[in-house]
1. Placing one identical point scatterer on every Cα of segment B:123-282 and ignoring solvent, what is log10 I(q)/I(0) from the Debye formula at q = 0.10, 0.13 Å⁻¹?
2. Based on the alpha-carbon gyration tensor of segment B:12-139 and its eigenvalue square roots a ≥ b ≥ c, which shape applies: rounded if a/c is under 1.5, prolate if not and a/b is larger than b/c, or oblate?
3. Can you tell me the length gained on complete extension of the stretch residue B:201 to residue B:300, counting 0.36 nm per residue apart and subtracting the Cα distance?
4. Under the 0.36 nm per residue contour assumption, what length would be gained going from the current alpha-carbon distance of residue B:528 and residue B:236 to full extension?
5. Output the antiparallel fraction of DSSP beta bridges having both residues in the protein assembly as shown, as a percent to the nearest 5.
6. Rounded to the nearest 10 degrees, what's the angle between the helix B:35-46 long axis and the longest principal axis of chain B, both from Cα atoms, 0 to 90?
7. If you take every residue apart from residue B:37 with its C-beta less than 14 Å away from the C-beta of residue B:37, what net charge results, scoring Lys and Arg +1 and Asp and Glu -1?
8. Is segment B:476-540 best put as rounded, prolate or oblate by its Cα gyration tensor, with a ≥ b ≥ c the root eigenvalues, rounded for a/c under 1.5, and otherwise prolate when a/b is larger than b/c, oblate when not?
Amino acid sequence: MRTAHAQKARRTVSRAGVASPGRHAQRAVRAASWDLRIFAFAITAIVFCFALALVYVSQTTALSVAGYDAQKLAAQRDEVRRQNSLLEVQSARLDSPARIAADATRLGMVRARFVPVIPAQPLIAKR
Amino acid sequence: MQTVRPRRLRLLFALFAVASLVLAGRLAYWQTFGRSELLARATDQVRSDLVVAATRGVIRDRNGAILATTVELRSLYAIPKRIPDRTLAARQLGVLLGRDPGPILAAFDSDREWMYVQRWLPEETARAIDALGIPGLGFLNEPKRLYPNDSIGAAVLGFVNDNGNGINGIEGFYDAILRGTDGRLVVERDPANRDLAVGLREAVAPRNGADLTLTIDLVAQTAAERELTSAMKKEHASSGSIIVLDPTDGSVRAIASAPTYDPSAVRLADPESLRDRAIAWPYEPGSTLKAMTIAAAINEHLVRPGDSYNDVGYAIVGGRKLNNALGKAYGPTTVTQILERSLNAGAAWVGQKLGAQRLVDYFSLFGFGRPTGIDLAGEVSGTVRPLAEWYPVDVGTASFGQGMSVTPLQLAVAYGALANGGTLYRPYVVAARRDADGEHRTAPVAVTHVVTPDTAATLRGMLLTTVDNGIAHNAAIPGFSVAGKTGTSQIASPDGSYVEDLYVSSFAGMFPADDPKYVVLVVLEKPDSRLLGTLTATDVFKGVAQDILRYARIQPDRRP
């Protein structure tokens, strides 16, 4: 880049016969300034890309961690559901009339041979 | 300074150029033609394609009590090479599993890399083993069908085999509905076999099986099984069955069959016990069928309850002599008394009035000779021979339930028609199914109208007299009107003759007699009491009926 500017300056000098040293310096400074700008832009782009990549990696990692957490929670949920099903079965076993009858027999109880039922109508009639 | 010869440089360049070309070519190959293969290999290392099993539906009784459900139980597996002290591990497992440690140790010492130690462990046992913390042991969750009431309702429920297929009963008939549709999960996994949140993920959710609510009442079912078990023990009967039916819509409240089995441990069951005798055991109904013969004759206005004939102890039909039980003669006898005294000669007299054609037609109307269509797997049809195969004597024998076979359910359904005013309902067991689309309730199906409501009412009155004054007096329940009929039938042997001194005792009853809410049929095969087996059958009926009356809070319709 710098060489191109120098050649351009030389061509200008040869056309004009004598080159002004102030203008040459100004042009060199301007060229150097452009170089700096381009360099800064490149550095900024690289830093930006790096930052972007860093953010991407950190977000992806966070997502993976969240995914693992979600899996753990899903496993806990499934286990709680399983335990709930087991408790339902246990409850059904305890409610089973056959089990209650067997336990009652073990406790020495016997079935009532006759259960008297008092019809409601005569009582209502008396009132 | 020594310079490198251009020839060597060219050679080196050529070598690099060739190497570069080869590498570029190889790279181009893998990027184009070999791409899919590479991709597949890479994907296979991280991808898992799993079948997500659908959960089998829950079966509940009419009040919501769980009769069958599927729960994931823990199965214990071992990787023997990773167990540091196999002898100690086998000893500890033997204690907790209640097994001999020897076979466990032998299995550990075999060359197997992976093995089940025991599948479907009780939760407490699994926890205790887990607490031991033995390296090389692990657990897998596996679905297991559980029946919280053990053998109660086994005949109606059926069972699920180790492959997850429903066999017999509800499990067999509704297998496709209960099992649902499996889903699929394709996901990428890390080396620790955990799902990756980012990356490939395809999921088809499983469609769980529908839950079924039955018409079965667990209390009535338990009462029926208790009474049947008791009678079987008392009479040393070879088999038996009880059916409790709601005659108003054909819904079945209980089906008990003996011998029975535990659906959770089918491997230990006698194969014969897997047969639901209520629907898959045809037998000669005997005198319980007299009610149908007389109902047909009354419906055809051929006889009335008060019509009489002279009973001489037998009837001659088709040149054959058909005797009353014990050959007893009763003289002038009304049609009602035919039922009260259970007279074969009287039934044959009514049958002759009816004629073979109408008798067969009515048997068909009552549903004999074809399956009832109940929603249970394994139903058989029974046998009513076509009229072309009848001998002249058959019109007499068929009138009192010989020479034909019915299933207990067919007979219960026929009595249901007499109980509800003459409509034959298709019996059913599933009241509703609930799936992702909501609840679908079963509508009762009236198959046909067999007799008029007047005929049905007349028959109920005659059957009430049979219990109050007749042969079925033992079935009377204090405070309630009961209508019913006993039956004692002989057992046909394979050669066509009857087996000596072995009988099937039965009783079909309904209560309250004026407006029956329940029909109960009891059948006992080969009771020790022989001809007196009907007494045990009526005892069983009373035991079941009293429990149901109390539980259903049915008001007494008589003074005790």
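What follows is calculated from the coordinates using simple rules that are stated; it is not laboratory data. In this text, all values refer to a predicted model and were calculated from it rather than measured experimentally. In this analysis, Cβ positions are derived from the backbone assuming ideal geometry, glycine residues included, and neighbour counts consider all displayed protein chains.
1. With no solvent term, the Cα-only Debye profile gives -0.56, -0.79.
2. Oblate, since a/c reaches 1.5 and b/c is not below a/b.
3. 28.4 nm
4. Contour length minus Cα-Cα distance gives 104.5 nm.
5. The antiparallel fraction comes to roughly 95 percent.
6. Compared with the principal axis, the helix lies near 70 degrees.
7. Net local charge, residue B:37 excluded: +2.
8. Prolate is the answer for segment B:476-540, as a/c is 1.5 or above and a/b outweighs b/c.
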